[in-house]
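The values are calculated or read from the model by the stated rules, or taken from the named source; none is laboratory data. Here the structure is a predicted model, which is why all the values come from computation and not from measurement. Ideal geometry is used to build each Cβ from the backbone, glycine not excepted, and the neighbour counts take in all protein chains shown.
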Amino acid sequence: MAAKSTILVTGATGNVGRQVVSQLLAGHAGEVRALTRNPAAAGLPDGVDVRQGDLADPAALEAALGGADSVFLMWPFHDADPAATVVDAIDRHAGRVVFLSSGAVQDGLAPEQQPHPVGRSHARVERLIARSGLRWTFVRPSTFAANTLWFADQIRAGNVVQGAYGAVRMALLHEADIAAVAVRALTEDGHDEAAYGLTGPEVLTQAQQVRIIGEVLGRPIRWQELSREEARQRLLADDNFPDFFVEPLLDGYADMLSAPPTRLTSTVEAVTAAPACTYRDWVADHAADFR
Ligand SMILES: NC(=O)c1ccc[n+]([C@@H]2O[C@H](COP(=O)([O-])OP(=O)(O)OC[C@H]3O[C@@H](n4cnc5c(N)ncnc54)[C@H](OP(=O)(O)O)[C@@H]3O)[C@@H](O)[C@H]2O)c1
């Protein structure tokens, strides 16, 4: 890995950020710093310099950025407007940013033209970064395998997962692979102005995902198709699922059903020299979450 430097990881308690922190601790010679709103609850490993801060609070962010050379930026908001202040602050302190963007961003379209709301907000953050003086890399993952933790309550309670759009096909990514790409971009040269479109190595329907979870757990689990309205009501009643995300999720699935087939990329392997994990690998790593 590259020379000693200080790397600030935002979203450090999230699916990807937590992996970025642990992979940096394992291989990066410099200082690893993590931003969280609640250090006491963060459960971050020894060896990381945990800083309290909120991406919506520029003063706290400035303090966490002091002396940082590179930043892993994840954007937790649907509104991209506050990102202007955040990108400015990063630009004033650090030289490089690696942004956890989204595969929903379509190349060649301005942010306003992006068809998907997630693509629109991430494209706006990308544009702010590209117009800054920072060296940058955009990591644009397809769907996270971790989203299927949404099935966990139903799987713990029985052998059926109910949902809508079971035929939707996804190229699910292990968060460790997304992080591995980000860590390369944070610690090596050669990733400037790259927008890495990442996918997992296979395309699976939701019904197939559920079957694989059952195979790993050692009991048959099946998908039961609901109408969109039934799924909407189910998700709204689920305390673990954010209400604001119910319609965007169902809209996203509806779009995916009619979209052209997902094009798999080999970018994880090209950047990290290791093939992307399969969904079965991911389930095996997370089996305890479904038991
Ligand atoms: N899920 C997908 O399929 C998918 C696909 C492509 C792209 N993405 C993008 O990936 C990102 C989500 O990544 P993830 O799944 O790793 O995150 P996550 O598990 O949802 O975790 C959210 C993180 O955001 C932090 N956070 C929330 N509000 C914050 C605030 N006001 N200030 C500072 N930090 C804040 C939380 O930190 P604390 O609570 O510790 O402060 C936590 O670390 C989103 O931008 C999403 O659009 C997701």
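A few points about this structure:
- Residue selected from the range 1-53 under the condition in a loop (DSSP other than H, G, I, E, B) and among the charged types (D, E, K, R), by the criterion farthest from the ligand (Cβ to nearest atom): Lys4
- Checked against (1) touching a residue at least 60 places away in the same chain (Cβ under 8 Å); (2) in contact with a strand residue (DSSP E or B) (Cβ under 9 Å, 6 or more places away or on another chain); (3) over 30 Å from Lys4 (Cβ atoms); (4) surrounded by 16 or more Cβ atoms within 10 Å (Cβ to Cβ), Gly252 passes all but condition (2).
- Check on His28, at pLDDT below 95 and assigned by TED's automatic domain parsing to the domain that holds Val125: yes
- Contacts under 8 angstrom Cβ, first residue in the range 66-81 being at positive phi, partner at pLDDT 95 or above, 6 or more apart: Gly67/Thr6; Gly67/His93
- Among the residues making up the range 98-126, those that are of a type in the set (A, V, I, L, M, F, W, C) and within 14 Å of the ligand (Cβ to nearest atom) are Val98, Phe99, Leu100, Ala104, Val105, Val118, Ala123, Val125.
- Checking the range 127-145 against the condition returns a match, with at least one residue being surrounded by fewer than 21 Cβ atoms within 10 Å (Cβ to Cβ), near the ligand (Cβ under 10 Å from one of its atoms) and not polar (S, T, N, Q).
- Entry remark, the range 81-108: residues being aliphatic (A, V, I, L, M) and at pLDDT below 95 number 1 in total.
- Gln233 vs. criteria surrounded by fewer than 16 Cβ atoms within 10 Å (Cβ to Cβ), at pLDDT 95 or above, in a helix (DSSP H, G or I) and not β-branched (Val, Ile, Thr): yes
- Hey, Ala94 within 14 Å of the ligand (Cβ to nearest atom) and either in contact (Cβ under 8 Å) with a residue 40 or more places away in the chain or not aliphatic (A, V, I, L, M) (or both) or not: no
- Subset of the range 67-83 [under 14 Å from Gly95 (Cβ atoms) and of a type outside the set (A, V, I, L, M, F, W, C)]: Gly67, Asp69, Ser70
- The range 69-89: number of residues that are more than 13 Å from the ligand (Cβ to nearest atom) and surrounded by 22 or more Cβ atoms within 10 Å (Cβ to Cβ): 2
- Gly190, sole failed condition from (1) within 19 Å of the chain's Cα centre (by Cα); (2) at positive phi: (1)
- Filtered by the rule that a residue be touching a Leu at 6+ places or on another chain (Cβ under 6 Å) and assigned to a loop (DSSP other than H, G, I, E, B), the range 152-164 gives a lone residue, Ala164.
- Set side by side, the residues Asp289, Asp239, Asp243, Asp251 differ, and just one is under 30 Å from Leu186 (Cβ atoms) and acidic (Asp, Glu), which is Asp289.
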